[in-house]
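Read the structure below first, then the notes.
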Amino acid sequence: MFNRITLVPAAGTSSTLPTTSRRAFGRRFGLSAAGLALAGCSASEPPADPALAEAAVDQGFVPAQDAASQAAVTPDAALTLLADGNARFVAGTPVRRDYSDQIRATAAGQYPFAVVLGCIDSRVPIETVFDQGIGDIFAARIAGNIVNTELLGSMEFACRLA
């Protein structure tokens with residue numbers, strides 16, 4: 001039926017997990033999460049089809065994030081974008097998006113302006129809670145909202161990749 005997976009510590013390592021105080025964890029997590037969530041991710045490729053973004057704007061839709069708009073986002077602006085989006089979500093007034101166009105526009109490259117660590121709970125979609133579109137946010141989801149070495153590495157890799 002099911003295969004059981006047993007974790008065995010590597011030779012020369014402790015079999016117990018390291019512990020840390022709540023204060024030290026909070027400081028380490030807060031600095032790491034804030035730095036990653038607010039840091040812009042550099043981009044190297046142009047969007048797949050700039051005409052898609054123009055057509056979406058003509059129809060009143062917010063276009064997908066592109067290299068130019070991403071480069072213009074400072075850490076303070078990223079925080080403002082997230083806070084404003086969350087206020088729209090709470091008020092029930094999201095901006096209009098054509099997700100099909102955003103998917104096509106981000107096919108060749110993505111240009112998110114933030115990394116957000118969130119809960120794995122399927123009832124809390126990060127992009128929806130912050131009223132952002134396809135390609136706007138790198139979302140890392142994990143039970144317990146914890147940051148371990150692997151998750152932090154994934155978040156750093158995501159920023160370097162974009």
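Read the figures in this text as sums done on the coordinates, not as results from a lab. What you are looking at is a predicted structure, and each value in this text was computed from that prediction instead of being measured.
Brief remarks on what is shown
- Over the stretch 57-138, volume per residue of the alpha carbon convex hull, in Å³: 105 Å³
- Reducing the stretch 120-160 and the stretch 67-88 to their Cα centroids gives an inter-centroid distance of 16 Å.
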